[in-house]
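The values are calculated or read from the model by the stated rules, or taken from the named source; none is laboratory data. Given the structure is predicted, the values throughout are model-derived calculations rather than measurements. Using ideal geometry, Cβ is built from the backbone for each residue, glycine included, and neighbour counts are taken over all protein chains shown. The protein model used for the area step is the full one, side chains on, heavy atoms only, and it has no ligands, DNA or RNA in it. Shrake-Rupley method; radii C 1.70, N 1.55, O 1.52, S 1.80 Å.
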Amino acid sequence: MISIVIPFVRASAEQSPNIRADNHLATYYRAMVVTFASVRRWNPDVDLILVTNHTAPEEFARQLHGLGVSEQLEPFAHEPPAGFNRSFAASLYMLDALGQPAAAKQVLYVDPDVLCVRPLGDMRAACGDAVGALPLSYPVDHDVNGLTRRQAAELHTELGEATDSPPQHFGGECYVVPAGLAPTLIDRAESAWRLSLDRYERHESRFTTEEHIMAFALRGVPVVNLSPFVRRIWTAARHRTVDGCEPELTLWHLPAEKDRGFAEMYSLATDRDSWFWRAGADEFTQRAARSMGLSNRRPSRFVRDLAGAVYSRVRR
């Protein structure tokens, strides 16, 4: 049995730098409904669970219920103190969701801006009894939300890990966790969290987001590279990483689309007569790619993206 979990904690708009919409809460819930619906579209028998610290607003609660999503309330026990990090404080809620639900043999944790475009079977099989995670190739001295990989190595050493080279950084948009390895991940994550709080009190560098903490936790378990199945795809006007291979993936993480593509697809995901529910696999992927700005961009969006690309080149 596999459960698909979205961990979502209510946080201030300042902690969500990739959203431009005024109502950031509704933006997240619309994206979340689309994420759950896309998983249900291609995996009708999986368990869908929202782990959150607050019940969903009525409109979205109805939609989630219609998709068979169960809601599990968990407090934000790992909420960081003021000044702990610049942004993405809400990402630390993953530490509260980790290990939930306890009864599942395998849990797929995804962000609420991930689109599923095919069945999960191949990805699940590739993970086997290991944890699935997405490595991100940041340069060793690149600042990743307040911490470089070189600085992370120092913290790993303090926690008892031999570090011959800077540790691998993993994206937080997707983890596949088998039940047997969840306790190890939780124990190691808690150690990293306690160290971070201690170093914060001393005004020292620390693990600032869930990605940093999970990168340490993952060193204690076997890990399968999810790159053949998952990718972080940037579609912002000034940062675009679309390469045309997206239809081969299983999950698209689209952080710049929460208030664009996901907002557009919300009405489709909540209409059982739309192509979202009735199209075949190829048509679904093609239409989703258009909605998310991956291909066949509408003229207005193409012009805006082109202007953004030119601006980025000039600023270099």
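On the basis of the beta-carbon distance and an R0 of 25 Å, residue 130 and residue 164 show a calculated FRET efficiency of 0.70.
The long axis of helix 281-291 is offset from the longest Cα principal axis of the chain by roughly 80 degrees. For segment 146-159, 3J(HN,Hα) computed residue by residue from phi via the Karplus equation (6.51, -1.76, 1.60; θ = phi - 60°) reads x, 8, 8, 5, 5, 5, 4, 4, 5, 6, 4, 5, 4, 8 Hz, glycine and proline entered as x. Within segment 12-154, what whole-number % of the accessible surface is contributed by carbon and sulfur, with the 1.4 Å probe and all protein chains included in the calculation? Carbon and sulfur atoms account for 48 percent of the accessible area of segment 12-154. Label-to-label distance, residue 58 versus residue 197, with points set 7 angstrom from Cα along the beta-carbon direction: 3.9 nm. Binning the C-alpha pair distances of segment 24-175 at 10 Å intervals from 0 yields a P(r) profile of 9, 32, 36, 20, 4, 0 %, listed from the shortest bin outward. Round to the nearest 10 and give me the degree value, 0 to 90, for the angle of helix 182-201's Cα axis relative to the longest principal axis of the chain. Compared with the principal axis, the helix lies near 70 degrees.
Comparing 202, 260, 40 in a Gaussian network model of the chain (Cα springs below 10 Å), the most mobile by mean-square fluctuation is 202. Spin-label model, residue 142/residue 243: points 7 Å from Cα along the beta carbon direction are separated by 1.3 nm. Orientation-averaged projection of the chain equals 16.2 nm² [convex hull of Cα atoms, one quarter of hull surface area]. Solvent-accessible area of segment 258-299 (1.4 angstrom probe, protein heavy atoms only): carbon and sulfur portion equals 42 percent. Residues in the chain average 45 Å² of solvent-accessible surface per residue, probe 1.4 Å, ligands and nucleic acids excluded.
Put simply, segment 124-182 fits an ellipsoid with semi-axes of 24, 15, 9 Å; these come from the alpha carbon gyration tensor as the roots of five times its eigenvalues, largest first.
Cα centroid separation, segment 198-231 to segment 122-176: 5 Å. With a Förster radius of 22 Å applied to the beta-carbon distance between residue 67 and residue 290, the computed FRET efficiency rounds to 0.40. The label point for residue 42 and the one for residue 23, both projected 7 Å from the Cα toward the Cβ, are 3.0 nm apart.
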